[in-house]
Amino acid sequence: MKPRRNHDPGRVRRKRIEAGLQQQELARRAGISKPHMSSIEHGRVNPSPGVLQRLAEALGCEIPDLMPPEPVSA
């Protein structure tokens with residue numbers, strides 16, 4: 001069973017691209033390494049809540065903007 005992600009890798013990547021940032025620049029602004037940033041975007045690691053907060057701040061968005069969409073109830 002796969003662990004549940006606390007972020008949506010695709011949303012993180014889209015927000016970064018919309019902000020006009022390269023991975024290295026976003027990593028620098030969030031205070032993480034470029035390899036760690038790459039792992040977050042590829043879904044290989046779950047960022048800590050603090051890293052999620054710093055990514056959201058660097059991207060000018062809110063943490064929920066980087067999370068998976070809520071499932072729709074039937």
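Regarding I40, is this residue in contact (Cβ under 8 Å) with a residue 12 or more places away in the chain and farther than 13 Å from D8 by Cα? Steps first, answer last, please.
Values: in contact (Cβ under 8 Å) with a residue 12 or more places away in the chain: yes; farther than 13 Å from D8 by Cα: no.
Taking the combined requirement at face value, the residue does not satisfy it.
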Quick check: is even one residue across region 9-30 touching a residue at least 12 places away in the same chain (Cβ under 8 Å), assigned to a loop (DSSP other than H, G, I, E, B) and open to solvent by 60 Å² or more (accessible area, probe 1.4 Å)?
-> no
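So which of P69, P35, P64, P49 is touching a residue at least 60 places away in the same chain (Cβ under 8 Å) and open to solvent by 50 Å² or more (accessible area, probe 1.4 Å)?
Details: P35 fails: touching a residue at least 60 places away in the same chain (Cβ under 8 Å); P64 fails: touching a residue at least 60 places away in the same chain (Cβ under 8 Å); P49 fails: touching a residue at least 60 places away in the same chain (Cβ under 8 Å).
Among P69, P35, P64, P49, only P69 is touching a residue at least 60 places away in the same chain (Cβ under 8 Å) and open to solvent by 50 Å² or more (accessible area, probe 1.4 Å).
The values are calculated or read from the model by the stated rules, or taken from the named source; none is laboratory data. These numbers come from a predicted model, not from an experiment. All Cβ positions, glycine included, derive from the backbone under ideal geometry; neighbour counts span all protein chains shown. Accessible surface is based on the protein model in full, side chains and every heavy atom, while ligands, DNA and RNA are left aside. Shrake-Rupley method; radii C 1.70, N 1.55, O 1.52, S 1.80 Å.
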